[in-house]
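Colleague: I'd like to ask some things about the structure below.
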Amino acid sequence: MTDMSQDYNFAYLDEQTKRMIRRALLKAVAIPGYQVPFASREMPMPYGWGTGGVQVTAACLTPEDRLKVIDQGADDTTNAVSIRKFFERTADVAVTEATSEASIIQTRHRIPEQALSEEQILVYQVPIPEPLRFLEPRESETRKMHALEEYGLMHVKLYEDIAKNGHIATAFAYPVKVEGRYVMDPSPIPKFDNPKMDDCPALQLFGAGREQRIYAVPPFTKVVSLDFEDHPFEAGRAAHDCALCGAGDSYLDEVIIDDEGGRMFVCSDTDHCRTRREAGHTGALGVPEAFA
Amino acid sequence: MYVAVKGGERAIENAHAWLAEERRGDTSVPELSVAQIREQMGLAVARVMAEGSLYDPDLAALAIKQARGDLIEAVFLIRAYRTTLPRFGASRPIETADMACKRRVSATFKDAPGGQVLGPTFDYTHRLLDFALAAEGEVPPAPQAEPAEGPVPHITGFLNREGLIQQERPSEETPPDLTRQPLETPADRSLRLQALARGDEGFILGLGYSTQRGYAKNHAFVGELRIGDVEVEFDIPELGFAVTIAEIEVTECETVNQFKGSKLEPPQFTRGYGLTFGMAERKAISMALVDRAMRWRELGEDYVGAPAQDEEFVLYHCDSIQATGFVEHIKLPHYVDFQAELELVRRMRREAAEAQAAAGAAAMKEAAE
């Protein structure tokens with residue numbers, strides 16, 4: 001019978017695999033926005049749960065790192081908890097919920113509200129890395145389109161949105177152009193977060209496990225959301241203040257609070273909200289942190 | 001106070017504890033042992049080994065137990081475990097011609113050297129529930145015979161001798177490894193076969209079936225289906241020769257398919273190939289059908305747009321672990337994205353309502369004038 005030992009290498013992946021991923025990362029950094037194929041491994045969590053991000057994080061982690069994991073902006077959503085525990089168990093790294101204290105932040109669907117620094121790496125979990133996928137299902141075709149910089153189809157789609165709805169009907173995973181060359185899927189972050197990617201001091205890495213792709217936006221890279229002169233990109237958020245901390249400029253979650261249509265709006269970034277409350281900011285339904 | 005999303009950590013721990021309890025079921029019923037699953041759920045074990053790409057009946061049985069009998073979940077456990085294993089090298093190709101067959105049937109010849117061996121098959125059982133099994137009685141031993149002497153050559157070999165079937169060209173090239181390189185198309189046949197071998201049985205079955213019903217129709221005979229043990233040999237560099245490191249059970253299916261011939265080649269039969277770990281003949285036959293359908297290019301056939309012909313479609317969607325992960329992930333939180341859409345839809349509805357109201361007011365005004 002096979003030895004059922006519980007011992008795994010630091011951050012789960014063996015060193016050969018990490019080296020393979022780091023090579024892909026280096027290539028990705030060298031060609032901003034280009035999707036680098038990599039031999040994604042089967043991880044102990046399902047595809048769709050962040051296996052790409054987990055592999056990228058595993059390849060970047062050192063024992064000195066301090067890791068933050070968020071899902072939907074929150075540190076305590078179930079999948080964020082699960083991934084954080086995974087790295088606590090397999091890499092024994094320090095973890096934090098404070099954006100400013102983290103050296104690596106793995107995220108699903110959000111960019112933290114607080115500006116990131118040069119000392120930080122932001123790792124995105126990506127479900128479908130191909131921004132052209134919904135226009136052309138074949139990988140063999142979309143790779144050609146990228147190679148030839150043939151992005152007309154994307155502009156036609158955005159134009160048709162405007163013609164039909166008066167707006168570009170994409171509210172998340174809003175396509176961007178990186179350093180004037182590759183059109184890139186920013187992962188399903190709300191378009192509210194898109195401007196944060198531009199000229200960001202932190203290194204931004206993207207991992208798509210099931211689709212076997214890694215891509216990157218190096219620090220201080222130009223990231224432009226696609227738009228038209230007469231229909232400029234708009235970030236967009238709910239027109240409310242956070243009910244807990246009163247923030248009027250953060251991205252909000254809508255929470256249904258009764259069965260009569262009552263709603264409250266609260267910061268999706270839980271660390272941002274808590275930090276503000278600790279600093280004495282209070283929203284309409286909030287109580288100061290000291291009493292919470 | 002708003003506390004809804006707090007407590008994720010404790011919720012997870014409690015969910016796991018409940019899951020463990022559910023897995024065990026009624027504790028007044030004796031617990032299944034891994035050995036019981038390995039011995040009595042052999043076909044489930046085979047499927048988990050095949051789709052998990054790891055030949056280890058004990059681990060597969062453990063995975064089935066842990067997964068509460070959900071075979072895709074068990075395959076997933078095996079795949080994740082497989083990731084952590086060091087790789088020492090590659091074995092020599094197995095010789096299925098040297099197989100110790102427990103089953104060997106051909107649909108194309110009534111008899112052939114090596115004979116037809118039904119083996120332990122469901123084929124001619126009448127599917128009547130056997131209530132005697134509910135009583136947990138012992139099974140009387142099956143009659144025994146001496147194994148047939150001599151080799152059991154492949155049926156297609158006989159056709160090959162007459163040039164009646166398209167020849168497979170041997171190659172010394174190291175085949176690509178689906179588990180170590182990212183999948184890129186066009187994929188060569190060895191890569192396609194790897195993907196099919198670990199692909200979901202249900203998906204491959206459905207695709208194979210579709211070829212029979214006319215989506216890339218190419219009538220197939222099962223030239224041969226054989227199940228049995230083969231030796232796995234491994235070259236030991238320090239020794240300078242190969243040693244047998246294991247004996248594994250595999251199922252192999254070769255189909256004999258039609259081919260019209262071309263200007264360069266006279267009419268001859270063509271082949272489809274299926275090979276899986278363990279006893280899995282449904283999978284092996286389906287795999288051979290799909291393999292054959294995907295060979296349209298090399299055999300100079302028309303691409304008729306059938307799903308089974310479409311290599312990119314098949315290879316990117318046949319893996320049960322990839323498929324189940326992505327399909328099921330939509331139950332994870334998506335509030336941020338949904339909120340973004342909510343805002344957009346509200347805004348568009350508001351604008352539409354305003355436009356309608358404005359148009360209505362204009363019409364009223366016109367009517368009044």
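Every read-out reported here was derived from the displayed coordinates using simple, explicitly stated rules and does not represent laboratory data. Since the model is a prediction, treat every value here as computed from it, not as a measurement. When we count neighbours, we look across all protein chains shown, and the Cβ atoms used for this are built from the backbone with ideal geometry, even at glycine.
Colleague: Count charges around residue A:181 for me, please; just the other residues with Cβ under 12 Å from its Cβ, Lys/Arg as +1, Asp/Glu as -1.
Modeller: Values: positive: A:177, A:222; negative: A:149, A:179.
Neighbourhood net charge equals 0.
Colleague: Let me ask something additional. If amide H atoms are built 1.01 Å from N in the plane of the peptide, which residues on other chains or at least 5 residues away come under 5 Å of the amide H of residue A:66?
Modeller: Under 5 Å from the amide H of residue A:66 lie the amide H atoms of A:103, A:104, each far enough along the sequence or on another chain.
Colleague: Work out the mean other chain Cβ neighbour count within 10 Å for the residues of A:32-41 and drop it here as an integer.
Modeller: Details: counts 0, 0, 0, 0, 1, 4, 2, 7, 5, 7.
Per-residue shielding by partner chains comes out at 3.
Colleague: Efficiency by 1/(1 + (r/R0)^6): what FRET value for residue A:179 and residue B:148, r their Cβ-Cβ distance, R0 = 51 Å, to the nearest 0.05?
Modeller: 0.15
Colleague: In whole Hz, what ³J(HN,Hα) sequence does segment A:197-206 give by Karplus (6.51, -1.76, 1.60; θ = phi - 60°), x for Gly and Pro?
Modeller: Values, residue by residue: 6, 6, 6, 6, x, 7, 7, 10, 10, 10 Hz.
Colleague: Follow-up. Just the Kirkwood number for segment A:134-292, please: inverse of mean 1/r across all distinct Cα pairs, in Å, one decimal. All intermediate terms of the calculation are to be shown ahead of the outcome.
Modeller: On the way: mean 1/r = 0.0549 Å⁻¹.
That comes to 18.2 Å for segment A:134-292.
Colleague: To continue, here is another question. For segment B:252-257, take each phi angle, set θ = phi - 60°, evaluate the Karplus expression 6.51 cos²θ - 1.76 cosθ + 1.60, and give the result in whole Hz per residue in order, putting x for glycine and proline.
Modeller: So the Karplus estimates, Gly and Pro as x, are 10, 10, 10, 9, 10, 10 Hz.
Colleague: If you consider only alpha-carbon coordinates, what radius of gyration and Dmax does segment A:50-130 have, in Å?
Modeller: Radius of gyration, then largest Cα-Cα span, for segment A:50-130: 11.4, 34 Å.
Colleague: Specify whether the C-alpha gyration tensor of chain A places it in the rounded, prolate or oblate class, a ≥ b ≥ c being the square roots of the eigenvalues: rounded for a/c under 1.5, otherwise prolate if a/b is larger than b/c and oblate if not.
Modeller: Working: a/c = 1.80, a/b = 1.04, b/c = 1.73.
Judged from the Cα gyration tensor, chain A comes out oblate (a/c at least 1.5, b/c at or above a/b).
Colleague: Oh, and also: Using Cα springs under 10 Å in a Gaussian network model of chain B, which residue among B:218, B:14, B:160 shows the largest mean-square fluctuation?
Modeller: Evaluated over chain B, the most mobile residue of the options is B:14.
Colleague: Rounded to the nearest 500, what is the 222 nm mean residue ellipticity of the protein assembly as shown from helices alone, with -39500 (n - 2.57) per DSSP H run of 4+ residues and division by all residues? The partial results should precede the final answer.
Modeller: Working: 20 runs with 231 residues, N = 661.
Taken over the protein assembly as shown, the calculation gives -10500 deg cm²/dmol.
Colleague: Around residue B:24, what is the net charge, scoring Lys/Arg as +1 and Asp/Glu as -1 over all other residues with Cβ under 13 Å from its Cβ?
Modeller: That sum, taken over residues with Cβ under 13 Å, equals -1.
Colleague: Another question, then. Mind giving me the nanometre distance, one decimal, between the label points for residue B:164 and residue A:278, set 7 Å out from Cα along Cα→Cβ?
Modeller: About 8.1 nm separates the two model spin labels.
Colleague: Oh, and also: For peptide B:181-188, compute the average count of partner chain beta-carbon atoms within 10 Å of each residue's beta-carbon.
Modeller: Average per residue, whole number: 4.
Colleague: Once both labels are modelled 7 Å past Cα along the beta-carbon direction, what's the residue B:43-residue B:209 spacing in nm?
Modeller: Each label point is offset 7 Å from its Cα along the Cβ direction, giving 1.5 nm.
Colleague: Right, next: Which residues' amide hydrogens lie under 5 Å from the amide hydrogen of residue B:268, considering only partners 5 or more residues apart or on another chain, with H built in the peptide plane?
Modeller: B:259, B:261
Colleague: Now for a different question. Sort A:9-15, B:120-126, B:284-290, B:31-37 for me by packing, meaning the mean count of neighbouring Cβ atoms within 10 Å per residue, highest on top. Can you show the working numbers first?
Modeller: Numbers: A:9-15: 18.3, B:120-126: 8.7, B:284-290: 28.0, B:31-37: 14.7.
Result, highest mean first: B:284-290, A:9-15, B:31-37, B:120-126.
Colleague: So what's the net charge close to residue B:230: Lys and Arg +1, Asp and Glu -1, counting the other residues with Cβ under 14 Å from its Cβ? If you can, show how the numbers build up before the last one.
Modeller: Working: positive: B:92, B:102, B:103, B:104, B:226; negative: B:95, B:98, B:229, B:231, B:233, B:247, B:249, B:252.
Neighbour charge sum, excluding residue B:230 itself: -3.
Colleague: Please list, in order along segment B:88-105, the HN-Hα scalar couplings obtained from phi with the Karplus expression 6.51 cos²θ - 1.76 cosθ + 1.60 (θ = phi - 60°), rounded to whole Hz, x for Gly and Pro.
Modeller: 8, x, 10, 6, 6, x, 6, 9, 6, 5, 8, 5, 7, 6, 9, 8, 7, 10
Colleague: A further question on this structure: Where Rh is the Kirkwood radius over the Cα pairs of segment B:11-82, the temperature 37 °C and the viscosity 0.692 mPa s, what D in µm²/s does Stokes-Einstein return? Don't skip to the answer; put the middle values down first.
Modeller: Details: Rh = 12.5 Å.
In µm²/s, the coefficient rounds to 263.
Colleague: If packing is taken as the average count of other Cβ atoms within 10 Å, what order do A:169-176, B:337-344 fall into, highest mean first? Please report the intermediate quantities before stating the final value.
Modeller: Values: A:169-176: 21.5, B:337-344: 19.0.
Going by the mean number of other Cβ atoms within 10 Å, highest first, we get A:169-176, B:337-344.
Colleague: If you don't mind, there's one more thing I want to ask. Under a Cβ-only charge scheme (Lys and Arg +1, Asp and Glu -1), can you give me the dipole magnitude of the protein assembly as shown about the Cα centre, in debye to the nearest 20? Write down the numbers at each step before the final one.
Modeller: Numbers: 71 positive and 104 negative charges, 199 e Å.
For this selection, approximately 960 debye.
Colleague: Mind checking the mean number of beta-carbon atoms from other chains within 10 Å of the Cβ atoms in A:249-255? Intermediate values should be presented prior to the final figure.
Modeller: Numbers: counts 0, 0, 3, 3, 8, 5, 4.
Mean partner shielding for this stretch: 3.
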